[in-house]
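The values are calculated or read from the model by the stated rules, or taken from the named source; none is laboratory data. None of these values were measured; they are calculated from a predicted model. Virtual Cβ from ideal backbone geometry, glycine too; neighbours counted across all protein chains shown. Accessible surface areas use protein heavy atoms only, side chains included; no ligands, DNA or RNA. Shrake-Rupley method; radii C 1.70, N 1.55, O 1.52, S 1.80 Å.
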Amino acid sequence: KYLEALLIAGGRRVLTIGTLGLALNGEPQGETGFTSPPYIALRRILHDYQGRADTLVMEVSSHALEQGRVHGLRFDAAAWTNFSQDHLDYHKDEASYFAAKARILGHLAPGTRLLTASAEVADRLAAESDGRAPVERIAAPALGPDVLRGRPFLALHYNRDNYWLAVTLAQRLLGARPAEPWRCLRPVDGRFECRVHANRTIVIDFAHTPDALENVLVAIRAAFPDARVLTLFGCGGDRDRGKRPVMGAVVCAHAERVILTSDNPRTEDPEVIFRDMEAGFEPGQRFIRISDREAAIAYALRLAEEGDGVVIAGKGHETYQIVSGVAAPFDDRRVVAEEMRR
């Protein structure tokens, strides 16, 4: 979304494909059901929009790279944003997951360098290629108080890193850096989306990996050092079970109160998912299980006292929940808004 906004400000007609769906010049065009659509569906999208867009901005998943969904595409600019424990239900181990993401190198146009803000990613790609991988690490500069007042979400280090990756990508595609690029940005739905109610700060975030969840909780703690933090989270069913206790441990380290609830249990029994999450808890950790996510959110907001921070993690922008294999409408943001009105 950051890159999309910068390119539109630079006069480009932009088609965007990613987790948040399909968009043309920032206007939603519908959902694809995938972060990166399957090969034939993707080619149909590109064909349908080729006369209406100059530039494609695409989020390319490890699944897409592994399965050849972007076969034949060459990217004039590319960035690797992060690497943490995720998708091991599919890739089986961390090394295979990294190797799948590294396939992006085979899709770079001649002379294109892969950008990353991660020292770990840059060093590992260099080591595994004997220094031949066309990788460039960039460091986000400090942002002035005027920027942070205008765009408070850039106080989060990963948002700041992603912003600077987007600025660098836009400069390479446009040939020049937009003036005051931060002014082009808008908050991304479900990504550190903040609401304030009666001096309680409520944060809705898509964080569904240990690394992402820790980033959000550390940011909350830094912004509100004296606040009590309540965290509501779940883990997806039929997915990597190994990250569940790790996420439990992360929450224990950064939250005073913990509410376990359902994310997208899919075909798994929520009680089994809860037990996996609890395996990472410290002895004596205070928590409550509420499988019904709507009831869990209502409970969290009632439990919060003046000055508390409430983190509602795992679904962010999603407008559905998959229970017993059936997708039904559900939106954390809608539930929070309704509870605030009550």
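Some points to look at:
- Per-q log10 I(q)/I(0), the chain, q = 0.09, 0.10, 0.15 Å⁻¹ (Debye; single scatterer per alpha-carbon; no solvent): -0.51, -0.64, -1.44
- Dipole magnitude for the stretch 160-314: computed about the Cα centre from +1 point charges on Lys and Arg Cβ and -1 point charges on Asp and Glu Cβ, it is near 480 debye.
- Considering only Ala179, Gly68, Pro270, and ranking their Cα positions along the charge dipole of the chain that arises from unit charges at the beta-carbon of Lys, Arg, Asp and Glu, the one farthest toward the positive end is Ala179.
- Counting DSSP beta bridges with both ends in the chain, the antiparallel % (nearest 5): 35 percent
- Each Lys and Arg adds +1 at its Cβ and each Asp and Glu adds -1 at its Cβ; summed about the Cα centre, the chain shows a dipole of about 940 debye.
- Only Lys, Arg (+1) and Asp, Glu (-1) charged, at Cβ; the stretch 63-172 dipole about Cα centre in debye: 400 debye
- A crude spin-label estimate for the pair Arg286 and Ala327, with each label 7 Å from Cα along the Cβ direction, gives 3.9 nm.
- With contacts taken as Cα pairs under 8 Å at a separation of at least 6 residues, the stretch 144-264 carries a relative contact order of 19 percent.
- Under a 5 Å amide H cut-off, with hydrogens placed 1.01 Å from N, His197 pairs with Ile202 among residues at least 5 apart or on other chains.
- Gain on full extension, evaluated as 0.36 nm per residue between Arg13 and Val272 minus their Cα-Cα distance, stands at 88.5 nm.
- Mean Cα-pair separation over length for the stretch 1-104, i.e. relative contact order, pairs under 8 Å, 6 or more apart, %: 23 percent
- Partner lysines whose Cα lies under 23 Å from the Cα of Lys92, excluding those fewer than 8 positions away in the same chain, are identified as Lys101, Lys243.
- Debye-sum result for the stretch 170-285 in log10 I(q)/I(0), which assumes one identical scatterer on each alpha carbon, at q = 0.20 Å⁻¹: -1.08
- FRET E, pair Ala109, Arg195, Förster distance 35 Å, beta-carbon r, rounded to 0.05: 0.25
- Area accessible to solvent at Tyr97, 1.4 Å probe radius, in Å²: 10 Å²
- Between amide H atoms placed 1.01 Å from N, distances below 5 Å from Ser36 occur with Ser61, all of them 5 or more places distant or on a separate chain.
- Alpha-carbon gyration tensor eigenvalues x 5, square-rooted, for the stretch 264-309, Å: 22, 17, 7
- Accessible area per residue (1.4 Å probe, heavy atoms of protein chains only) ranks Phe192, Phe274 as Phe192, Phe274, with the largest value leading.
- The stretch 297-333 versus the stretch 147-201: alpha-carbon centroid distance in Å: 24 Å
- For Leu108, the residues whose modelled amide H falls within less than 5 Å of its own, excluding neighbours fewer than 5 places apart on the same chain, are Phe75.
- Options Gly131, Gly106, Ser118, ranked by Cα towards positive dipole end of the stretch 89-148, top entry (Cβ charges): Gly106
- Ordered by 1.4 Å accessible area with all protein chains kept, Glu318, Glu294, Glu282 run largest first as Glu282, Glu294, Glu318.
- Dimensionless Rg/Rh of the stretch 91-176 - Kirkwood Rh, Rg from C-alpha atoms: 1.04
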